[in-house]
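Engineer: Quick one: the structure is below, questions incoming.
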Amino acid sequence: MRTVRPKKNLGQHFLTDLNIAKAIADTVDACPGTPVLEVGPGMGVLTQFLMPKERELKVVEIDAESVAYLNEKYPALRPNIVGEDFLRMDLDKLFNGRKFVLTGNYPYDISSQIFFKMLDNKDLIPCCTGMIQREVALRMASAPGNKAYGILSVLIQAWYDVEYLFTVDENVFNPPPKVKSAVIRMTRNGTTDLGCDWTLFRRVVKTAFNQRRKMLRSSLKPLFLNGMPGDGFFSLDIMTKRPEQLTIGQFVELTNLVAKELKI
């Protein structure tokens, strides 16, 4: 059987170590009882360990060559091989509205977009696992006060508990990436109502971190292009902090303060 050629434009780095592949596949076991969706299966190195778990499994793959390979190598999976772009899919239709676990060896160049889509579908995805660039994993799992703490940290941790599971070296891929990878698991926390407007929360977080070295009294000014708030707003104690110092709860508080000024 002919193998698939890794494509640079798709960010494909095929994992070759079967022990690591099995360990990644086993991360879904912490989230039992739901179907599994694998993103970017490539030649099925994770798929082969997901299939025996006796859970409904679907895989989504944008690369036509990989889809053809998967259809040939895993004939039992054919009805559940989806040849589409994950970022453009309506996830509510995948399992007829049922919740599912998201997993995969995610392409580095779109991993953040994948997790933003996860957030847009957080009520469908109680658990997400998989392998990403180590630097991104560290950001996602970072606590306030660290340099790695940023937009991804805040937005994901608002809804998910993030576990950094283990690091993966470059030499177990074809072709080897230039950076280390890491395996993570995200599990929905108990939050059902953030306590503020979610759309504005995202806007406030992104605006604050766009100038992360500045105090909030400076970095938040782009939110008020139609007129600055009164002097009392920027003299609040929280405005003397930098975004990396704020907890999720403080970002919620800040969002409500901004909403009041914007009369949202």
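Engineer: Return the residue satisfying two criteria in turn: it lies in segment 30-68 and is assigned to a helix (DSSP H, G or I) and more than 23 Å from ILE110 (Cα to Cα), and of such residues it is most open to solvent (accessible area, probe 1.4 Å).
Structural biologist: In this case the residue turns out to be PRO52.
Engineer: If you scan segment 136-162, which residues turn out to be part of a strand (DSSP E or B) and open to solvent by less than 10 Å² (accessible area, probe 1.4 Å)?
Structural biologist: Once the filter is applied, which keeps residues that are part of a strand (DSSP E or B) and open to solvent by less than 10 Å² (accessible area, probe 1.4 Å), segment 136-162 yields only TYR160.
Engineer: Say we look at segment 7-29 and pick out the residues that are at pLDDT below 95 and of a type in the set (A, V, I, L, M); which of these is most open to solvent (accessible area, probe 1.4 Å)?
Structural biologist: Only one residue fits best here, namely LEU10.
Engineer: Going by what's in this entry, would MET215 be described as more than 30 Å from PHE14 (Cβ to Cβ), open to solvent by 50 Å² or more (accessible area, probe 1.4 Å), touching a residue at least 12 places away in the same chain (Cβ under 8 Å) and among the hydrophobic types (A, V, I, L, M, F, W, C)?
Structural biologist: So MET215 fits the description; yes.
Engineer: Can you pull out the residues in segment 238-264 that are at pLDDT 95 or above and loosely packed, with under 13 Cβ neighbours inside 10 Å?
Structural biologist: The answer is THR240, GLY249.
Engineer: Checking TYR108 against (1) more than 16 Å from the chain's Cα centre (by Cα); (2) at pLDDT below 95; (3) not polar (S, T, N, Q): exactly one of these is not met. Which one?
Structural biologist: The failed condition is (1).
Engineer: Next question. Quick check, is ILE114 in contact (Cβ under 8 Å) with a residue 24 or more places away in the chain and closer than 21 Å to PRO175 by Cα?
Structural biologist: no
Engineer: Among the residues in segment 110-122, are any open to solvent by less than 20 Å² (accessible area, probe 1.4 Å), not polar (S, T, N, Q) and not in a helix (DSSP H, G or I)?
Structural biologist: no
Engineer: Additional query: Within segment 163-205, can you find the residues that are open to solvent by 30 Å² or more (accessible area, probe 1.4 Å) and assigned to a helix (DSSP H, G or I)?
Structural biologist: GLU170, ASN171, TRP198, THR199, ARG202, ARG203
Engineer: Can you find a residue in segment 69-80 that is at pLDDT 95 or above, open to solvent by less than 40 Å² (accessible area, probe 1.4 Å), aliphatic (A, V, I, L, M) and under 13 Å from the mean Cα position of the chain (by Cα)?
Structural biologist: no
Engineer: If I ask for residues that are modelled with pLDDT of 95 or more and over 20 Å from TRP198 (Cα atoms), which ones from segment 147-168 would you list?
Structural biologist: Hits for segment 147-168 are ALA148, GLU163, TYR164, LEU165, PHE166, THR167, VAL168.
Engineer: Given LEU94, LEU77, LEU87, which one is out of contact with any helix residue (DSSP H, G or I) (no Cβ under 9 Å at 6 or more places or on another chain) and within 23 Å of THR27 (Cα to Cα)?
Structural biologist: None of the other options fit; the residue is LEU94.
Engineer: Pick from segment 234-256 the residues that are among the hydroxyl-bearing types (Ser, Thr, Tyr) and either farther than 18 Å from ILE151 by Cβ or assigned to a helix (DSSP H, G or I) (or both): which of them is nearest to the chain's Cα centre (by Cα)?
Structural biologist: Among those that are among the hydroxyl-bearing types (Ser, Thr, Tyr) and either farther than 18 Å from ILE151 by Cβ or assigned to a helix (DSSP H, G or I) (or both), it is THR255.
Engineer: Additional query: Regarding PRO79, is this residue assigned to a helix (DSSP H, G or I) and closer than 16 Å to GLY33 by Cα?
Structural biologist: no
The values are calculated or read from the model by the stated rules, or taken from the named source; none is laboratory data. Being a predicted model, the structure only gives us computed values, none of them experimental. When we count neighbours, we look across all protein chains shown, and the Cβ atoms used for this are built from the backbone with ideal geometry, even at glycine. Ligands, DNA and RNA are stripped out before the accessible areas are found, and what is left, the full protein with its side chains, is counted by its heavy atoms. Shrake-Rupley method; radii C 1.70, N 1.55, O 1.52, S 1.80 Å.
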